[in-house]
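A quick write-up on the structure given underneath.
The values are calculated or read from the model by the stated rules, or taken from the named source; none is laboratory data. Note that the structure is predicted; figures quoted are calculated from it, not measured. With ideal geometry, Cβ positions are generated from the backbone for all residues, glycine too; neighbour counts draw on all protein chains shown.
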Amino acid sequence: MVFGLVEVQCTDQPRCEVTVSDRTSLFISCFNDFFYPQTIEAATRVLRHLDVEVSIVEGQTCCGQIHYNTGYADMAVPLVRAFIDRFKDFDAIVSISGSCTAMVREQYRRLALRTHDQKLINAAEELSKRIFEFTDYITKVLGIESTGSYFPHRVTYHPTCHSLRSLNIYQSAVNLLKNVEGLELVELPNAEQCCGFGGTFSVKNEPVSSAMLFDKMANIEKTGAEILVALDNSCLMHIGGGLKKINSGISVMHIAEILASGLDGGSS
Amino acid sequence: MEGQAKGFQGSSRQFLANSQLRSNLRHATSTIRNKRYQVTGEVDDWEYLRERGREIKDYSLAHLDQLLSQLEDSISNKGGKVHFAVNAKQANEIIYSIVQTHQVKELVKVKSLTTDEIELNRFLEDKGIHPLETDLAELIVQLANDKPSHILVPAIHKNRSEIRELFEKTIASGRHLGQTPAEIAEASRLYLREKFLSAKVAISGVNFAVAETGTICVVESEGNGRMCITLPEVLISVMGIEKVIPTMEDLGVMLELLPRSSTGERMNPYTSMWSGLYPDNDGPKEFHLVVLDNGRTKVLRDPSSRATLRCIRCSACLNVCPVYERVGGHAYDSVYPGPIGAILSPQLFGPSRSGTLPWASTLCGACYEVCPVKIDIPSILVHQREQMINKAVAPRGEQVLFRVMAVVLSSPILYGVSKSIIRSMARYPRIVKALAPMVPMASQWVTTREVPDIPSRNWGDDLGRHGEEHG
């Protein structure tokens, strides 16, 4: 499963380019900002528990993924510029969305090239080395595999497409989950197949998206898990919405919320 | 957006409803998928091979002018004749004029996508010549008056009993056939043998053409292709300009990549190679190679889509594509279905016929992961989406919506305002749920997915001292 990332390949070693610094900000993603405040809070709690003085820089909005992916790349360029400007003073950016992380890492340079602005191109390239998906940051930059969390439930993990194939970080999440006390991790059959969300795909090709969703849900139900966990709330909104519609009784959670459970001073 | 479901949106809906098709596809694609996974996994240097494959194709595409002229020389020196066709019409006319000089009413064909692309069969039928497909799956499709639905397995949408019934009605002339694949295939074997021995003219596609030696290579699994290539007196092969590669050594790399990626076999069963004519031996007495552009030089001109032409038609991307697995090849309405078709068809056939195909993907990346020549299909899909929007394929309303969103998301103030609007909606969850099915973009979404609960508060209320400080 090797492709996409050229510069920052996952290894067992903590990454040397980035040091743990108090100039670390969460990139919360517009989607979470609007609909999932609890994930933002959970991620902050987990990172602070691991002694990372993470802040949430103000004025951050959207990475531009929805525009870029749907075919409106030119409209994403101002968002790229704003993002780079907003996070320029931070040594590390921790993102709680796998697909937004992939967007910044893989597409920002490409989009910056459109402007012929060399400063922006350099900044985009440099930024791609400073942004990390949440679980990737914990395991690779901090070098931590166990967060000291407690979550006594049967859980199955859906590796979202971007985290699996673009970021190549399947193992980060699995390792962290395995070390959660009380958590029973059960394997999801056919896990690597897309859930059918795909952003605007689920609107433009809704029937195909639903067909994929139904197969994903059937596999989730086979596991007997109480909770489905993933690294992206957008995929989870789609899968969770489906699970609720069929009254499956299985809930969905972002991994940050599971890792925040049972920490000192945290609620679950 | 609904009510006017055109293109892929409309056709996919129709094919999704066919549960027999979906079960045939799920079974067939997962079988090939697992075989491919196994045989690529056992090659130590698979990633190196992929990189070599990419290099060879990129080099060839960058030197097409030289390589094609070298190919022409090599073949002419060995008694063959090379014809260049700018478009489908020219290619069809060249082929017809060759066929006409031999005064035949029927000819045999080896499975060839390129001849499907130019709709050669229909052209010849209109002129009173019957081109008989000899590849088993192509024969099934032809007898059923159907269209291929997969690059490599054209009849993947049909199961065994459907094929048995078809053969009983057609080539077995009412005879009752047994249940086993061997018994069913025997009917086609008997039928085709006779045709091979009597045909005077054969038409084939080309998998690779080696410029240095003038060698044409055709790979297949049944041996029917080899009979077409060797038995008739006249052989006409049709290839796109992108099929040329420099040397026999390069062919070696391709022959390692192709069978493992396509059928999940370590080695291809029937690999036929010939360089021009062999006057002192068996084989055709006349050989023509038709080299087709048909929009390919246009693809070559676009640096962001150029890699599309690396494709060696292995169909690994179809077999791993979750969208293809649900809807099948016919939904793409093109001889090139699946992920590769979603990027190739709009470039070859234009926005009016294939304009919705670039959106027929979740961008999950499974296709890129398996591609033996490393075509970054997701990136090209996104680029083609942009191209199609520039050609006015997207609905006007959508374009306006994205422009408004871009303005809102670029302004922290407007962004804050929209967040407040969403927060105020949280106070009326029942109204939100009741209205959701009436919102144009959401109406279909909520038929299978519950509307998410909208939170009434912002993040930070729960972050304690730090949260107040930063939030």
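Being touching a Phe, Trp or Tyr at 6+ places or on another chain (Cβ under 6 Å), within 14 Å of chain B (Cβ to nearest Cβ) and in a helix (DSSP H, G or I) holds for only one residue in A:164, A:213, and it is A:164.
Let's see how each residue does on (1) out of contact with any helix residue (DSSP H, G or I) (no Cβ under 9 Å at 6 or more places or on another chain); (2) within 17 Å of residue A:260 (Cα to Cα):
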residue: A:150; (1), (2): yes, yes
residue: A:157; (1), (2): no, yes
residue: A:162; (1), (2): no, no
residue: A:166; (1), (2): no, no
residue: A:172; (1), (2): no, yes
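State all residues of the stretch A:148-169 that are β-branched (Val, Ile, Thr) and crowded, with 24+ Cβ neighbours inside 10 Å; if no residue qualifies, say none. Matches in the stretch A:148-169: A:156, A:160, A:169. Note on the stretch A:36-88: enclosed helices (runs of 4 or more DSSP H) holding 2 or more residues that are surrounded by 23 or more Cβ atoms within 10 Å (Cβ to Cβ) and within 7 Å of another protein chain (Cβ to nearest Cβ) are A:37-49, A:65-70. Test each condition in (1) touching a Gly at 6+ places or on another chain (Cβ under 7 Å); (2) more than 20 Å from residue A:203 (Cα to Cα); (3) at the interface with chain A (Cβ under 8 Å from one of its Cβ atoms) for residue B:382 and report the one that comes out false. Residue B:382 satisfies all of (1) touching a Gly at 6+ places or on another chain (Cβ under 7 Å); (2) more than 20 Å from residue A:203 (Cα to Cα); (3) at the interface with chain A (Cβ under 8 Å from one of its Cβ atoms) except (2). Of a type in the set (A, V, I, L, M, F, W, C), touching a Gly at 6+ places or on another chain (Cβ under 9 Å) and within 28 Å of residue B:315 (Cβ to Cβ): does that describe residue B:113? Answer is yes for this residue.
In the condition set (1) at the interface with chain A (Cβ under 7 Å from one of its Cβ atoms); (2) modelled with pLDDT of 90 or more, residue B:452 is compliant with all but (2). In the stretch B:278-301, the residues that are at positive phi form Cβ pairs under 7 Å with partners that are modelled with pLDDT of 95 or more and among the aliphatic types (A, V, I, L, M), at six or more places apart or across chains, as follows: B:294/B:88; B:294/B:118; B:294/B:348; B:295/B:348. Applying the criterion of at least 3 residues that are assigned by TED's automatic domain parsing to the domain that holds residue B:232 and surrounded by fewer than 16 Cβ atoms within 10 Å (Cβ to Cβ) to the helices (runs of 4 or more DSSP H) found wholly in the stretch B:67-180 leaves B:88-101, B:120-126, B:160-169.
In a residue-by-residue description of the stretch B:451-459, the property of being in contact (Cβ under 8 Å) with a residue 12 or more places away in the chain and part of a helix (DSSP H, G or I) applies to no position. Among the residues of the stretch A:94-116, those that are crowded, with 23+ Cβ neighbours inside 10 Å and hydroxyl-bearing (Ser, Thr, Tyr) comprise A:95, A:97, A:99, A:101, A:108. Just to be sure before I move on: is residue B:303 in a loop (DSSP other than H, G, I, E, B), crowded, with 21+ Cβ neighbours inside 10 Å and either in contact with an Asp or Glu (Cβ under 6 Å, 6 or more places away or on another chain) or not hydroxyl-bearing (Ser, Thr, Tyr) (or both) in the structure I sent? No, not satisfied. Just to be sure I understand, how many residues within the stretch A:236-251 are more than 10 Å from every other protein chain (Cβ to nearest Cβ) and touching a residue at least 24 places away in the same chain (Cβ under 8 Å)? The qualifying residues number 3. Report yes if residue B:352 is in a helix (DSSP H, G or I) and more than 9 Å from chain A (Cβ to nearest Cβ), otherwise no. Yes. Kindly establish whether residue A:94 is away from chain B (no Cβ under 11 Å), in a helix (DSSP H, G or I), within 21 Å of residue B:460 (Cα to Cα) and not basic (Lys, Arg). Here the answer is no, as residue A:94 does not meet what is asked.
Checked against (1) more than 30 Å from residue B:34 (Cβ to Cβ); (2) surrounded by 21 or more Cβ atoms within 10 Å (Cβ to Cβ), residue B:353 passes all but a single condition, namely (2).
Would it be correct to say that residue B:366 is within 30 Å of residue B:20 (Cβ to Cβ), aliphatic (A, V, I, L, M) and under 13 Å from the mean Cα position of the chain (by Cα)? No; evaluated as a whole, the condition is false for this residue.
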